[in-house]
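The next block holds one structure in the form of C-alpha cells; read it before the comments.
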Amino acid sequence: MHPTIMIRFMRLKKRFLQMQLFQSRLTEVPDWPANISGFSYAPFRPGQRPGSHLYPTREQIKEDLLLIKPFTQKIRTYSVEGTLAYIPEIAEELGMTVTLGVWISPDEVRNTQELNTAIEITNRCTNVQRLIVGNEVLYRGDISPDQLIEHIETARRHINVPVGTSETWMQWLEAPELAEHSDFIAAHILPFWERSTAATAASTVIAQAQQLQRQYPDKPLILSEVGWPSKGNATRRTSTTPAEQAISLRTQLSLLAQHDYPYFVIEAFDQPWKTGEGTPGPHWGVFNSQRQLKLQLYGPVEEQVRWRSVLPNLVIHLRPGSWYTTLAITIVLYCALIIAALAYSRLLPLWITLPISLLWATCLLAGIAIESHEFLEAVWGPVQPRTFLPARCKYDNALKVSVHVPCHNEPPDMVKRTLDSLQKLDYPNFEVLVIDNNTQDRTTWEPVERHCQQLGPVSNSSTSIRCQDSRQVH
C-alpha cells in the first residue's frame, strides 16, 4: 500500500478513537430527594381512559398511593369524575394530603356536576389542602376567563380552603385578571415543550418561576406541573430518553428545593391514553404504566449512545481533508460493506445467497448507469433537452387579473423592458396599469407613455397595457 495512504489510515484511526461517539457516558447529577414536594396523580392503567368512562377500582387506586407514599405525602388530582372521587378519602386513610382538581370543559352541565362533587369532597375530607378549578382551561380555549372566574367564585363561597386554577406560566403572565380571583398562582412550567435540553431545564424552570413571582409578589406560587418525559418525537425535535428524564428531574428537584418552591412532578405513572400530546404524552411518569420505576434515582446517570446523533457527528468528524483521506475513507467503507456482506452470507446457504447477491448487484449497476446518464446529460447534454411541449391548461371563464406597475422617475428603458416582459404573460385575461407618481421630467415619462400606446391591447382582446399618472389616463 502507498505509504501516504497508510499514514492517512493511521490518522483516520486516531480521529475515530478520539470521537468517542459509540461510548456511553456517565453524568453526575444530584440524587433524588428523600421526599419530594408532590406528585401529579392520574390513576389510569392500560385499557382505562376518562373519555370512555373506564376508571380504575378503589383497590387499584390504593395500590398506586402505597407506591407513591415513600416518595411524597402530597398528590394533585385533575378530576372527581367516576372513581376518581374516591382518591381523597383513600389518601386520607394513608395519611396523605390532596390538592383536589376539578376538570372544566366546554360542557357546562358536566362542569356543574364536577364542581358540586368537588365541593362536597372538600367539605368532607380534611386532607384536601386546596381546590384547583380547571386545568389549562384558558390555554385550550374551552371557556372564557369570565366563566372560569365565576366557577372559582362559586367554589370559594362553599368551601374553606384556598381556591384557584392552574394554567401555563405564560398564560398567567397574560391574564392578570385571573390572578385577582385566585388565592394562589398554580403554574405549569415544562421546558420540554419549549425545546430546552435536559441539562438546561432546571435553570429555565427557576427563571420562569421568578418571573411569575415578580409579577405577582403577593400571591403564593405553586409549580403545579414540572417534569420531563422519557420518550419523545425525533421528527419534531423533541427526542428524549429515560436517562435524560432522570437527569432533568433530579436536577430540577434539587434546584427547586434550594429555592423552596412547592411543586408537583408530572407525573407519578405513565398514562397510555394521553396520545393527544403526541409521542411524549404517555411517557411523563416516574413509574411506567405497569407500575415499575423507570428512573435511576441515585448515582451518576449512564447515557447510552444516541444513534440518531452519531451519524451526523461521524460525517462531520471524518470529513475528508484531501484526496488521500477521501481514498482512505472509501476503502474503509468498502471493506466494511464487503465484510458485512460476507458475514450475512454465512447465515444462508449458497442457493439463497447467490440470487440475492445477483439482485443487489443488478440494482447497484442499474443505479450507477442511471446516475451516470443523468450526470453526463446535465454536464454535456443539450441546453434544452425537452422534446415535447408542456400541456396547456384550458381557461374557461378566466378571472381578470390587474397588474399594477407603480413608478416615479424610473429610467424609461427599464420600465419599457418590464412592460415587454409582462406582455409575454401566458394568461388570457389580464391588464397592466403603469401608474406614474408625479414624474415631472417629460423626457422620463413620455417614452413610457408612447411605449404603452404602441403595445396597447395585445393579441387577445381581453388583455391590455395602459399608462396612468397623476394628471391623466392614457
Looking across segment 164-175 at residues that are without any contact (Cβ under 8 Å) to a residue 40 or more places away in the chain and either out of contact with any His (no Cβ under 9 Å at 6 or more places or on another chain) or part of a loop (DSSP other than H, G, I, E, B) (or both), the single one that is surrounded by the fewest Cβ atoms within 10 Å (Cβ to Cβ) is E174
If you go through L354, L399, L347, the only one that is over 30 Å from N429 (Cβ atoms), modelled with pLDDT of 75 or more and not charged (D, E, K, R) is L354
Of T241, T275, T279, T251, the only residue that is over 22 Å from the mean Cα position of the chain (by Cα) and β-branched (V, I, T) is T251
Filtering segment 24-40 down to residues that are over 26 Å from G101 (Cα atoms) and touching a Lys or Arg at 6+ places or on another chain (Cβ under 6 Å) yields V29, P30, W32
Within segment 402-416, the residues that are more than 19 Å from R442 (Cα to Cα) and surrounded by 12 or more Cβ atoms within 10 Å (Cβ to Cβ) are V403
Over segment 220-247, the set of residues surrounded by 18 or more Cβ atoms within 10 Å (Cβ to Cβ) and closer than 20 Å to M170 by Cβ is L221, I222, L223, S224, E225, V226, G227, W228, P229
Take the conditions assigned to a loop (DSSP other than H, G, I, E, B), at pLDDT 95 or above, surrounded by fewer than 17 Cβ atoms within 10 Å (Cβ to Cβ) and out of contact with any helix residue (DSSP H, G or I) (no Cβ under 9 Å at 6 or more places or on another chain) and apply them to P33. Does it pass? no
Among G82, G95, G101, the single one that is under 35 Å from the mean Cα position of the chain (by Cα) and more than 30 Å from P176 (Cα to Cα) is G82
What do you reckon, is V305 out of contact with any Asp or Glu (no Cβ under 7 Å at 6 or more places or on another chain) and modelled with pLDDT under 85?
yes
In segment 209-219, anything over 30 Å from E303 (Cβ atoms) and surrounded by 20 or more Cβ atoms within 10 Å (Cβ to Cβ) is listed as L212
Screening R8, R49 for residues that are surrounded by 13 or more Cβ atoms within 10 Å (Cβ to Cβ), of a type in the set (D, E, K, R), at pLDDT below 95 and more than 24 Å from S105 (Cβ to Cβ) leaves only R8
Of the conditions (1) in a helix (DSSP H, G or I); (2) under 28 Å from G51 (Cα atoms); (3) of a type in the set (D, E, K, R), the single one that E267 does not satisfy is (1)
Over segment 179-208, the set of residues surrounded by 23 or more Cβ atoms within 10 Å (Cβ to Cβ) and closer than 24 Å to V161 by Cβ is S182, I185, A186, A187, H188, I189
Modelled with pLDDT of 80 or more, under 30 Å from Q304 (Cα atoms) and surrounded by 10 or more Cβ atoms within 10 Å (Cβ to Cβ), is that true of P56? no
Residue hits (segment 193-217; of a type outside the set (A, V, I, L, M), modelled with pLDDT of 95 or more and either more than 22 Å from the chain's Cα centre (by Cα) or over 22 Å from T99 (Cβ atoms) (or both)) are S203, T204, Q210, Q211, Q213, R214, Q215, Y216, P217
When I222 is run through (1) outside any strand (DSSP E or B); (2) in contact with a Pro (Cβ under 7 Å, 6 or more places away or on another chain), the failure sits at (1)
The residue that is surrounded by the fewest Cβ atoms within 10 Å (Cβ to Cβ), considering only those in segment 248-269 that are of a type in the set (S, T, Y) and touching a strand residue (DSSP E or B) at 6+ places or on another chain (Cβ under 6 Å), is Y261
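The values are calculated or read from the model by the stated rules, or taken from the named source; none is laboratory data. Nothing here was measured: the structure is a model prediction, and the numbers come from that model. FYI the Cβ positions are ideal-geometry reconstructions off the backbone, even for glycines, and counts take in every protein chain you see.
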